[in-house]
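Student: Once you've had a glance at the structure underneath, I'll fire off some questions.
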Amino acid sequence: MAQQVYDRKAEDLGNLVGLEHVNLRINNQGLASEFYLSALGLTRDPFMFPGTNNMWVNVGNSQFHLPTGEPNVLRGHVGLVVPSLEELCERLGEAKKKLADTKFDCKQHNAYVEATCPWGNKFRLYEPDEERFGAINLGMPYVEFTVPEGAADGIARFYREIFYTPACVKENGEGRAAHVRAGARQELVFRETDRKIPEFDGHHLQVYAQEFSGPHDELDKRGLITEESDQYQYRWQDIVCLETGKLLFTIEHEVRSCTHPLYNRKMVNRNPSQNNRHYQMGADEWDWTLPRSTKKIEPAPAPEPATPLAKRRATRMAAM
Ligand SMILES: [Fe+2]
């Protein structure tokens, strides 16, 4: 019998093993609850920041962090998977009245629903699609940024060489984009645009890095570290051309090690269709994972690989 051949490379994560949170300041926690919890159907983290000056919102195994302050607007959009677009649209419809006089909006497209938060942040919400997003029914498969024309190649190279994570440039109907692997079926996408890009306003994303010190050394050498937060975390924000040093795009990254106290923390998710009139006993909690299909799933498109970690480590050790 012929031996089954497996694509082993398709399971290589690279160095970034998880895109966990996007941090956006907001100026009204009540409106944020109406949008993120009631309308999108997400879950307030019950354990952290229970007060009125910050809220962590769980979406599968990822989160939004929403501290009170001058509102941020992410320059692009956040891709989310939700269990049902039909139920989502009902909730968005109900939110219209409460979020009137804000930037809230929602639009149905062929493949997704676009929702805009009260402060103008855009979200694309998709139904589960194992081939595209993996075996999840709730989660944050990608964050997409709009970047200047001509920046995508340099951005992909930056992540490959500084962060040792697979990255490539692809083109579709919406233009050219750098796709950077940031976890299992999670990506950072940097899509080129000829439109004017607003000034960076200080929002951030957070990733976990398996090899934590190597990228830190590379960033430090170039003067790109912006915060030495603690033993398990640092921040940086400028993505530059590795040849010329020219700034390509700015987005603050909070980089955490896999020894960070919050790594692999269990996120609580609720079943958004529970209510007091049609209550189902035992159905309050929501499991964001799906059983993996037994049919052959095409592996995630294999981007140009980063230098394998073992090789990087060997080079660094030799240089010490
Ligand atoms: Fe953060």
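Student: So which of T244, T250 ends up being among the hydroxyl-bearing types (S, T, Y) and more than 17 Å from the chain's Cα centre (by Cα)?
Tutor: Exactly one residue qualifies, and that residue is T244.
Student: Next question. Within segment 226-273, count every residue that is farther than 20 Å from G202 by Cβ, away from the ligand (no atom under 13 Å from the Cβ) and crowded, with 17+ Cβ neighbours inside 10 Å.
Tutor: Within segment 226-273, residues that are farther than 20 Å from G202 by Cβ, away from the ligand (no atom under 13 Å from the Cβ) and crowded, with 17+ Cβ neighbours inside 10 Å number 5.
Student: Something else about it: Out of everything in segment 30-66 that is surrounded by fewer than 20 Cβ atoms within 10 Å (Cβ to Cβ) and of a type in the set (G, A, S), what residue ends up being nearest to the ligand (Cβ to nearest atom)?
Tutor: The selected residue is G51.
Student: What is the residue count in segment 161-182 for residues that are surrounded by 23 or more Cβ atoms within 10 Å (Cβ to Cβ) and either among the basic types (K, R) or in contact with a Ser or Thr (Cβ under 9 Å, 6 or more places away or on another chain) (or both)?
Tutor: The number of residues fulfilling the criteria is 4.
Student: Related question: Could you say whether any residue in segment 78-88 is within 16 Å of the ligand (Cβ to nearest atom) and not in a loop (DSSP other than H, G, I, E, B)?
Tutor: Applying the first criterion (within 16 Å of the ligand (Cβ to nearest atom)) to segment 78-88 yields 78.
Narrowing further to those that are not in a loop (DSSP other than H, G, I, E, B): 78.
Yes, segment 78-88 contains a residue that is within 16 Å of the ligand (Cβ to nearest atom) and not in a loop (DSSP other than H, G, I, E, B).
Student: Here's a follow-up. Can you list residue pairs whose Cβ atoms sit under 8 Å apart, with the first residue in segment 57-83 being modelled with pLDDT under 95 and the second being surrounded by fewer than 22 Cβ atoms within 10 Å (Cβ to Cβ)? Count only pairs 6 or more apart in sequence or on different chains.
Tutor: Once the first residue is modelled with pLDDT under 95 and sits in segment 57-83, no partner that is surrounded by fewer than 22 Cβ atoms within 10 Å (Cβ to Cβ) comes close enough.
Student: Next question, about the same structure. Evaluate the following for V73: is it within 14 Å of the chain's Cα centre (by Cα) and among the aliphatic types (A, V, I, L, M)? Break it down into steps so the answer makes sense when it comes.
Tutor: Values: within 14 Å of the chain's Cα centre (by Cα): no; among the aliphatic types (A, V, I, L, M): yes.
Judged against the criteria, V73 is not a match.
Student: Can you work out which of the residues in segment 87-145 that are in contact (Cβ under 8 Å) with a residue 60 or more places away in the chain and hydroxyl-bearing (S, T, Y) is nearest to L188 (Cα to Cα)?
Tutor: Among those that are in contact (Cβ under 8 Å) with a residue 60 or more places away in the chain and hydroxyl-bearing (S, T, Y), it is Y142.
Student: Which strands (runs of 3 or more DSSP E) does segment 193-263 wholly contain that include 1 or more residues that are touching a residue at least 40 places away in the same chain (Cβ under 8 Å) and touching a strand residue (DSSP E or B) at 6+ places or on another chain (Cβ under 7 Å)?
Tutor: So the answer is 204-209, 233-240, 247-257.
Student: Assuming G18 fulfils every condition listed in (1) under 25 Å from A167 (Cα atoms); (2) within 16 Å of the ligand (Cβ to nearest atom); (3) touching a Leu at 6+ places or on another chain (Cβ under 8 Å) apart from one, which condition is it?
Tutor: (3)
Student: Which one of these is out of contact with any strand residue (DSSP E or B) (no Cβ under 6 Å at 6 or more places or on another chain), more than 30 Å from N110 (Cβ to Cβ) and away from the ligand (no atom under 16 Å from the Cβ): R91, R8, R25?
Tutor: Result: R8 is the single residue among R91, R8, R25 that is out of contact with any strand residue (DSSP E or B) (no Cβ under 6 Å at 6 or more places or on another chain), more than 30 Å from N110 (Cβ to Cβ) and away from the ligand (no atom under 16 Å from the Cβ).
Student: Given the conditions (1) touching a Cys at 6+ places or on another chain (Cβ under 8 Å); (2) within 13 Å of the ligand (Cβ to nearest atom), and given that Q210 satisfies all but one, which numbered condition is not satisfied?
Tutor: Of (1) touching a Cys at 6+ places or on another chain (Cβ under 8 Å); (2) within 13 Å of the ligand (Cβ to nearest atom), only one is false for Q210: (2).
The values are calculated or read from the model by the stated rules, or taken from the named source; none is laboratory data. Since the structure is predicted, the reported quantities are computational estimates derived from the model, not experimental observations. FYI the Cβ positions are ideal-geometry reconstructions off the backbone, even for glycines, and counts take in every protein chain you see.
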